[in-house]
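Structure first, commentary second.
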Amino acid sequence: MEFTTHALRRCDQRAIPRALAELIVKTGDVYNCGQSRRIIISRSKNAHKELVKELQIIGIKIKYGWENTYVVVDGTGTVITAGHRTKRIKIRKY
């Protein structure tokens with residue numbers, strides 16, 4: 001999976017491991033946010049359980065706040081940015 005330099009910098013600043021961002025892309029719920037970009041969040045219970053299970057399989061200890069992590073991906077599958085959700089993310093309905 002490709003990451004932009006901006007995404008790598010934001011992951012470092014926000015203490016989001018690259019493996020966590022990749023797992024969120026793999027197991028999270030996908031929402032369109034316009035301009036062929038998607039927000040991926042482990043918002044549903046099933047997605048959250050799957051994320052926790054995958055982290056345990058890899059052997060990464062789960063830290064507080066990781067359940068609110070989101071990843072923004074462009075149309076080609078490149079990670080643009082990642083962060084922690086502090087407010088409700090408004091999803092556009094098409």
Here the gain from full extension of residue 58 to residue 19, 0.36 nm per residue of separation minus their alpha-carbon distance, amounts to 13.1 nm
Per-residue ellipticity at 222 nm attributable to helices in the chain (runs of n ≥ 4 DSSP H, -39500 (n - 2.57) apiece, nearest 500 deg cm²/dmol) works out to -10500 deg cm²/dmol
Which part of segment 58-80 falls in the paramagnetic zone of residue 4, meaning amide N under 15 Å from the point 7 Å along Cα-to-beta-carbon?
71-80
Residue 45 to residue 76: FRET efficiency via 1/(1 + (r/R0)^6), r the Cβ-Cβ distance, R0 30 Å, to the nearest 0.05?
0.50
Length-normalised contact order of the chain in % [C-alpha pairs under 8 Å, at least 6 apart]
35 percent
Charges at C-beta only: +1 for Lys and Arg, -1 for Asp and Glu. How large is the resulting dipole of the chain about its Cα centre, in Debye rounded to 20?
480 debye
Using alpha carbon positions and the Kirkwood radius, the Rg to Rh ratio of the chain is 0.94
Identify, among 84, 17, 6, the residue whose Cα sits farthest towards the positive end of the charge dipole of the chain, taking +1 on the Cβ of Lys and Arg and -1 on the Cβ of Asp and Glu, with the dipole about the Cα centre.
84
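Taken together, the values in this text are just the output of simple stated rules run on the coordinates, not laboratory data. Predicted, not measured: the structure shown is a model, and the values here were computed from it. Glycine also receives a Cβ, built like all others from the backbone with ideal geometry; neighbour counts cover every protein chain displayed.
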